[in-house]
Amino acid sequence: MNIQVSPSPIPNSREASLSNGLLNKDAYLSGLVDIVSTTKSEGWLQELKDNAANWVRHSKLPTKNDEEWRFTDLSALRQFDFNVETKNFVSPDSAPFTAISDTRLVFVNGVFVKELSAIANLPEGVVVSNLAGLPNLDGELVKEYLAQAEGAKEVFTALNTAAIDDVALIWLSRNAVVETPIHLVFITAGDRIITQPRCLVVAKKGSEVTLVEEFINYASPEKEQQEVYLNNTVTEIWVEENAGVNHTRVERDSIDAFHIGKTAVTQARNSRYTCNAISLGGRLSRHNLEILQTGEQTETTLNGLTIISGNQLADTHSALALNYPYSSSKQLQKNIVGDKAHGVFNGKIFVPKPAQLTDASQLNRNLLLSPQARVDTKPQLEITADNVKCAHGATVSQLEDDEIFYLQSRGIDENNSRHLLINAFAAEIINNIPVPSLRQNLTQIVNKFS
Amino acid sequence: MIVENSKVVLSVKDLTANVDGNQILKGVNLEVRAGEIHAIMGPNGSGKSTFSKVLAGHPAYEVTGGEVVFQGGNLLEMEPEERARSGVFLAFQYPLEIPGVSNLDFLRVAYNSRRKAQGLEEIDTFDFDDLVEEKLEVVKMDSAFLSRSLNEGFSGGEKKRNEILQMALLEPDLAILDETDSGLDIDALKIVANGVNQLTSPENATIMITHYQRLLNYIVPDYVHVMAKGRIIKSGGKELALELESRGYDWILESAGVEVGV
């Protein structure tokens, strides 16, 4: 069968016009590139970095005039100057994460910390390491994948690429199956700093892995104020033919931090990918989740839970391209928004002509806990195939007085009734996470909320 | 059953209440003693359901006058959850569906909050599982219902049975059944009525609010009250229900001087 696929609809995947960029150089952005791109790497990697740095120097930070950033105003970012910090303030006794597995990579401010990490009992053909810790690795292997996903020429992704120093690398050879979850912990410690975690996952044909990524703030005990920093993360995941990746992403950055995260997934035929994305921290957090299906009968499941309060803004932008027949996708994004917080959801699903007999569903449900809380939601299905099953929807609701009264009338006080209902709303997502201890942690976080 | 000299469980005097500024209850008087089953009947809009919600403490209903004494204490001063813990139980006309809350967890939390109020120790998951299994018998429910979300996707009959299951666990001193029979087919009605009959005792009291006489064939009341325009206008024995069934409400409303057909 010969199937023509239209150009990838993943946003920002096309080259920006350089001439246009040259005329309107963004000094703030160029300043950021200069600060981050100081480390030298060998041959091919340096070339990759230089190209990305050049591209960023000719780009601009998005503004609210850009359709993709309509509700998420980055102008506050410009009030801060950020520096690179490579010192490690985190001792093993005060590590701000719970060990959920005996296979763990920990990075503090982008630097791999061996003392906090652990690697145990990996099956043959599986590599879990920081890239710099593999001096004998054939660069050609990694070169094929690193920064090669669709959408690489997006300003924040390119900014990250421009500064690649070390990479969290997970490599599964053909048919390798890892039974225990692999835990990746990216800690940011410090004020007015920029950190750019980078992760590359390659799951070769028939392999299978469960992956947990956590983005955490370590606030030094002496500091009373929350720390302002920019955490710009990029994770590329390659799920090759008939492979399966179950990915949980937990963002728990400082309440005053900026978090811009990219998860770029490329799925080959007959592969399975599940994402459970939990967003909790950040004054402004944005998760760009981009999935490109490149073969038939590919399965994608996207679960998302955002819990924000105060003046937080959390934005989930997903783009999913189902390009081949017999594929399926299921997406459920839930937002719990309190105080004056602002939740944003934009979910694009593309079902072009060749993608016949696909089944795509998308639902965004929002629970607003205060009259000042706000949600902007935009489910967006673009379907040109004619024999498909597609459904989408969005709901916005509050805790109902009648629901609370029903629970009260059974002896549960008002406060606990509210907790029970909020918990129930969150549980639908949390219960999908395949790591029991992480489920418990998150349930506790939800319990403390409201 | 009517028990000589049994203690008063509930005493309602001149109760008035508003919803959204409209007066719905216009002076309700009722005394219920331990062991008794009272039926409150009446046409739609007479204030029956409002009365039940006021007793349970629904925040949308504003009490404007009168008093309600439950087991010697002022019921109106208590929060809804305190009322429940001290032994008031309202079986809802329309039980709510709460996705994500497992029926079993909900029952356990409710049960333990009642235990705590009674000064008893909370019981653990395993003991509770045994207890629930036993109580499921009362309403002939399958244990598969326990692992489902609270009332989510339950049929009308299943929801009502789930209400009676909650009642069986909480062992209230005063159970108020709000239209528990409405919408049930005869098989479900028999199961629900049979469940309620197993739970009544000389120590507790039951108020049934119903539109239909049919329920009273299966749960036989000691007293029947007719409510209209926010007041109880006539009280009698169980034979009053039969008379209502054959003659309708109009004759009572007329003899009580209530305008008919409004």
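Any residue at all in the stretch B:224-247 that's under 15 Å from the mean Cα position of the chain (by Cα) and either surrounded by fewer than 21 Cβ atoms within 10 Å (Cβ to Cβ) or under 25 Å from B:F70 (Cα atoms) (or both)?
Scanning the stretch B:224-247 turns up at least one residue that is under 15 Å from the mean Cα position of the chain (by Cα) and either surrounded by fewer than 21 Cβ atoms within 10 Å (Cβ to Cβ) or under 25 Å from B:F70 (Cα atoms) (or both).
Entry remark, the stretch B:51-63: residues being closer than 24 Å to B:L253 by Cβ and more than 14 Å from chain A (Cβ to nearest Cβ) number 1 in total. Report the residue count in the stretch A:369-400 for those that are under 28 Å from the mean Cα position of the chain (by Cα) and either within 14 Å of chain B (Cβ to nearest Cβ) or of a type in the set (K, R) (or both). Residues in the stretch A:369-400 being under 28 Å from the mean Cα position of the chain (by Cα) and either within 14 Å of chain B (Cβ to nearest Cβ) or of a type in the set (K, R) (or both): 5 in total.
Within the set B:N44, B:N5, the sole residue that is more than 19 Å from the chain's Cα centre (by Cα) and in a loop (DSSP other than H, G, I, E, B) turns out to be B:N5.
Within the stretch A:401-449, restricting attention to residues that are basic (K, R) and surrounded by fewer than 21 Cβ atoms within 10 Å (Cβ to Cβ), the residue that is nearest to the other protein chains (Cβ to nearest Cβ) is A:R418.
Filtering A:I255, A:I307 for residues that are surrounded by fewer than 21 Cβ atoms within 10 Å (Cβ to Cβ) and assigned by TED's automatic domain parsing to the domain that holds A:D93 leaves a single hit, A:I255.
For A:T316, indicate whether it is crowded, with 18+ Cβ neighbours inside 10 Å and assigned to a strand (DSSP E or B). Considered against the rule, which asks whether it is crowded, with 18+ Cβ neighbours inside 10 Å and assigned to a strand (DSSP E or B), A:T316 comes out as yes.
Whenever a residue of the stretch B:170-182 is more than 14 Å from B:T210 (Cβ to Cβ) and within 12 Å of chain A (Cβ to nearest Cβ), its partners that are of a type outside the set (V, I, T) and in a loop (DSSP other than H, G, I, E, B), lying with C-beta atoms within less than 7 angstrom and at least six residues away or across chains, give the pairs B:P172/B:G87; B:P172/B:N204.
Sort out which residues of the stretch A:32-63 are of a type in the set (G, A, S) and either surrounded by fewer than 20 Cβ atoms within 10 Å (Cβ to Cβ) or in a helix (DSSP H, G or I) (or both), and write them in order of number.
Residues satisfying the conditions are A:S41, A:G43, A:A52, A:A53.
Residues considered: B:V132, B:V139. Of these, the only one that is within 18 Å of B:I176 (Cα to Cα), more than 14 Å from chain A (Cβ to nearest Cβ) and crowded, with 16+ Cβ neighbours inside 10 Å is B:V139.
I'd like to know if the stretch A:257-277 contains one or more residues that are closer than 19 Å to A:Q79 by Cα and in contact with a Gly (Cβ under 6 Å, 6 or more places away or on another chain). The answer is yes, given that some residue of the stretch A:257-277 is closer than 19 Å to A:Q79 by Cα and in contact with a Gly (Cβ under 6 Å, 6 or more places away or on another chain).
The single residue among A:S327, A:S279, A:S318 that is more than 12 Å from the chain's Cα centre (by Cα) and assigned by TED's automatic domain parsing to the domain that holds A:G393 turns out to be A:S327. In the stretch B:98-107, of all residues being outside any strand (DSSP E or B) and within 11 Å of another protein chain (Cβ to nearest Cβ), the one that is surrounded by the fewest Cβ atoms within 10 Å (Cβ to Cβ) corresponds to B:D105. Residues in the stretch B:113-160 that are of a type in the set (G, A, S), under 27 Å from A:A426 (Cα atoms) and not in a helix (DSSP H, G or I) were compared, and the one that is nearest to the chain's Cα centre (by Cα) is B:S155. Within the stretch B:72-93, residues that are touching a residue at least 12 places away in the same chain (Cβ under 8 Å) have Cβ atoms under 7 Å from residues that are among the aromatic types (F, W, Y) in these pairs: B:P80/A:F405; B:V88/B:F70; B:F92/A:Y406, counting only partners at least 6 apart in sequence or on another chain.
Looking across the stretch A:347-372, the residues that are touching a helix residue (DSSP H, G or I) at 6+ places or on another chain (Cβ under 9 Å) and within 13 Å of A:A394 (Cα to Cα) come down to A:R365, A:L367.
The values are calculated or read from the model by the stated rules, or taken from the named source; none is laboratory data. Please read all numbers here as calculations on a predicted model, not as lab measurements. Note that each Cβ is placed from the backbone with ideal geometry, even for glycine, and that neighbours are counted across all protein chains shown.
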